[in-house]
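Scroll down for the structure; my scribbles are underneath it.
The values are calculated or read from the model by the stated rules, or taken from the named source; none is laboratory data. Keep in mind that this is a model prediction, so the values were computed, not measured. Reconstructed Cβ throughout: ideal geometry from the backbone, glycine too, with neighbour counts over all protein chains shown. Keep in mind that these areas ignore ligands, DNA and RNA; they rest on the heavy atoms of the full protein, side chains included. Shrake-Rupley method; radii C 1.70, N 1.55, O 1.52, S 1.80 Å.
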Amino acid sequence: MKFFAIAGIALSAISAVALTTPAEAQQWPARQVRLIVPYPAGGNVDSAARVIADRLQAKLGQPFIVENKAGAGGLIAGEAFAKMPPDGYALFVGANGPVLFAPEIAKREAYNWKRDFVPITSITMTPLVLEVHPSLQAKDLKEFLDLARRDPGKLTMASPGQGTTNHLLSELMQSTLNLQWLTVHYRGNAPALNDLIGGQVQFALDQISVGLPSIKSGMLRALAVTGSHRASWLPDVPTFTELGYKDFDGQTFTGLFAPARTPAEIVTKLHDTLAELLKDPAIVEKFNALGSEAVSMTPAEFTSYLEREDAKWIPVVRKANIKAD
């Protein structure tokens with residue numbers, strides 16, 4: 001009888017919590033909300049988080065605090081986030097690496113976005129640009145590919161790190177086009193860009209936001225950009241797609257996620273609020289200045305996008321046998 005009494009009390013407690021959840025969800029947010037960023041302060045993802053944090057706070061009336069939790073390519077933050085309560089008071093501002101690639105590259109079942117995360121909306125899309133040092137005898141994509149075919153293994157590429165979108169796009173190009181070059185991995189965009197400008201390496205597949213100042217100044221030459229349309233920052237540079245290479249459309253996204261089982265009311269409220277904010281010309285301009293495009297998807301659209309990206313890039317990780325440093 002004692003066992004059944006304890007079980008009954010426990011069941012009642014669980015039921016009480018379940019009954020209070022809709023009311024709590026309706027009142028959300030009633031206190032401070034944390035935005036978990038899996039990178040140090042100062043990068044694209046951190047900047048995106050800070051832009052939306054300020055506006056969400058103004059719109060919803062509670063503090064939205066950015067919390068940087070860097071390490072292991074985003075794996076540390078992602079693993080911690082997957083265990084957080086699904087109450088809407090801890091959210092994840094993620095990108096391709098931490099959301100899609102990190103567990104696969106680390107060969108650890110730390111978390112799985114399909115099981116542990118609720119996609120709320122995309123925030124930004126940042127195209128990549130194929131940029132070369134001016135000394136390289138390639139004025140367009142065709143000349144670059146001809147050069148790579150003529151001297152297999154001779155070209156050197158600067159990568160900001162193992163398992164980044166930049167690295168994966170490079171591996172996909174080599175595999176698809178039967179090319180070969182040497183990839184030099186750096187610890188971040190800054191040292192990779194410095195060596196490219198200095199001529200220690202010959203080209204990069206870089207986020208436009210990183211390479212744009214050097215391209216504008218003439219220190220680097222842009223040959224092609226990713227994405228479905230030409231980038232407004234480089235309107236004279238063609239896309240890979242219009243040049244006949246539709247598979248090379250990798251972009252870096254930032255997006256907002258909640259833990260699995262977060263009430264639908266909270267997810268809907270966050271999506272609707274952000275969708276409105278991301279249409280604000282001031283927000284659009286802020287992201288434009290960062291080299292990114294403000295893009296809002298519904299939860300269903302964002303989930304479908306992530307599924308397509310997952311199906312495209314995880315096989316690249318496995319085929320290239322990419323592992324954590």
Fraction of antiparallel bridges per DSSP, the chain only, in percent to nearest 5: 60 percent
Accessible area (Å², 1.4 Å probe, nearest 10) - residue 181: 20 Å²
C-alpha center-to-center spacing [the range 171-195, the range 43-59] in angstrom: 30 Å
The chain, relative contact order [Cα under 8 Å, separation at least 6], %: 25 percent
Per-pair calculated FRET efficiency, R0 = 41 Å: residue 323 and residue 261 via Cβ, rounded to 0.05: 0.80
GNM flexibility winner over the chain from 74, 227, 199 (Cα, springs under 10 Å): 199
Listed residues 131, 79, 143, most fluctuating in the chain (Gaussian network, C-alpha, under 10 Å): 143
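Might you report the magnitude of the Cβ-based charge dipole of the chain about its Cα centre, with Lys and Arg at +1 and Asp and Glu at -1, to the nearest 20 debye?
So the dipole magnitude of the chain works out to roughly 560 debye.
Can you tell me the relative contact order of the range 157-225? Whole percent, Cα pairs under 8 Å, sequence separation 6 or more.
The normalised contact order for the range 157-225 reaches 38 percent.
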Value of [θ]222 nm, deg cm²/dmol, for the chain, DSSP H segments ≥ 4, -39500 (n - 2.57) each, nearest 500: -14000 deg cm²/dmol
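By the gyration tensor of its Cα atoms, with a ≥ b ≥ c the square roots of the eigenvalues, what is the shape of the range 240-291: rounded for a/c under 1.5, prolate for a/b over b/c, or oblate?
oblate
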For residue 216, solvent-accessible area (1.4 Å; no DNA, RNA or ligand), Å²: 140 Å²
The range 127-248 - percent relative contact order, Cα under 8 Å, separation 6 or more: 36 percent
The range 127-248 - share of DSSP beta bridges that are antiparallel (%, nearest 5): 55 percent
Rounded accessible area per residue of the chain, 1.4 Å, Å²: 46 Å²
Karplus-derived 3J(HN,Hα), 6.51/-1.76/1.60, for each residue of the range 196-211, Hz, glycine and proline x: 5, 4, x, x, 5, 10, 9, 7, 8, 10, 10, 4, 4, 4, 7, x
Gyration tensor (alpha-carbon) shape descriptor, the range 127-248, a/c threshold 1.5: rounded
Fraction of accessible area attributable to carbon and sulfur, the chain (%, probe 1.4 Å): 55 percent
